[in-house]
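Asks: A single structure is presented below for examination.
The values are calculated or read from the model by the stated rules, or taken from the named source; none is laboratory data. No experiment lies behind these values; they were computed from the predicted model shown. Cβ sites come from the backbone with ideal geometry, for glycine too, and all protein chains shown count toward neighbours. We work out accessible area using only protein heavy atoms, side chains counted, and drop any ligands, DNA or RNA first. Shrake-Rupley method; radii C 1.70, N 1.55, O 1.52, S 1.80 Å.
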Amino acid sequence: PQSRARISSKGDHQPTVEAFRSIHSSLMLGDEARNAKVILVTSTIPSEGKSFVTTNIALTFASHGERVIVLDGDLRMPNVAKSLDLSNSKGLLTVLSGKDKLDDVIQRSVDNNFDVLPTGGSTGNPTQILCSSKFEEVLHELRLRYDRVLIDSPPLAPVSDALNLVPNTDGVIYVIRFNTVKRKTAGACLRRLRE
């Protein structure tokens, strides 16, 4: 729900805020995680809360003074703009098609230090888009502009879109909803990620 998409910046539920601060602190402990600029967030199946985790981790980084952008990389069923009550009429897809420029579609100052690049629609064939040189150019530009780029991607079990994003990222946050996903299925998806 929209009320939870920014829960870590509103501070409405202190245990949740502390949980995201704890994740942030854990990410700051190791050199690889601390230096990761582009982080992919994925899960095993739909409705495990990866968009919720993406926006709130991003807001936690932003609250620590980092310039952060969330890129909605779920080109089939985008959720980031909807969850943050933002327009999704322009975004990544309209930039890659040449209709818009990157600066015209980034939604700035959604929160302090926190911007969003929505999908700008949806497509049934995201693989070609995510593997294109134009997408790599956009991601490279975001690397230059921001301290952290968090990509909300589709779940791994039903589609392979996230696997196409992995080579362009520095790390992965894997969301698993407790008591919802079979351990065997999650393990198979993690093996695919490592490969």
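Asks: If you roll a 1.4 angstrom probe over the protein chains with everything in place, what fraction of the accessible area of the chain belongs to carbon and sulfur, to the nearest %?
Replies: Accessible surface attributable to carbon and sulfur in the chain totals 49 percent.
Asks: How much length is gained if the chain between LEU144 and SER26 is pulled fully straight, taking 0.36 nm per residue apart and subtracting their Cα-Cα distance, in nm to one decimal?
Replies: Between LEU144 and SER26, full extension yields an extra 40.0 nm.
Asks: At GLU195 and ASN35, where each label point lies 7 Å from the Cα along Cα→Cβ, what is the point-to-point distance in nanometres?
Replies: 2.9
Asks: How do MET28, MET77 stack up against each other in accessible area, from largest to smallest, with a 1.4 angstrom probe?
Replies: Ranking MET28, MET77 by accessible area, largest first, yields MET77, MET28.
Asks: To check you understand DSSP bridge types, tell me what percent of the beta bridges within the chain (both residues inside) are antiparallel, rounded to 5.
Replies: 10
Asks: Apply the a/c threshold of 1.5 to the C-alpha gyration tensor of region 71-111 and tell me whether it is rounded, prolate or oblate.
Replies: oblate
Asks: If you don't mind, another one. For the chain, what is the relative contact order in percent, using Cα pairs closer than 8 Å and at least 6 residues apart in sequence?
Replies: Taking the mean separation of contacting Cα pairs over the length of the chain, I get 32 percent.
Asks: Next up: Along each principal axis of its Cα atoms, how long is region 71-170 end to end? Whole angstroms, biggest number first, please.
Replies: Sorted from largest, the Cα extents of region 71-170 read 34, 27, 26 Å.
Asks: Additional query: Per DSSP helix of 4 or more residues, -39500 (n - 2.57); summed, then divided by the residues of the chain. What does that give at 222 nm, rounded to the nearest 500?
Replies: Dividing the helical sum by the residues of the chain leaves -12000 deg cm²/dmol.
Asks: Note down the relative contact order for region 1-109 as a percent, whole number, built from C-alpha pairs under 8 angstrom at least six residues apart.
Replies: Value for region 1-109: 26 percent.
Asks: Give me P(r) over the chain, computed from all C-alpha to C-alpha distances, binned every 5 Å, as integer percentages.
Replies: All Cα pairs, binned at 5 Å, distribute as 1, 8, 17, 22, 22, 17, 10, 3, 0 percent.
Asks: While we're on this one: Measuring from label point to label point, each 7 Å out along Cα→Cβ, what is the LYS134 to ASP12 span in nm?
Replies: Spacing of the two 7 Å Cα→Cβ label points: 3.8 nm.
Asks: Sticking with this one: With a Förster radius of 35 Å, plug the Cβ-Cβ distance of ASN112 and ALA188 into 1/(1 + (r/R0)^6) and report the FRET value to the nearest 0.05.
Replies: It comes out at approximately 0.35.
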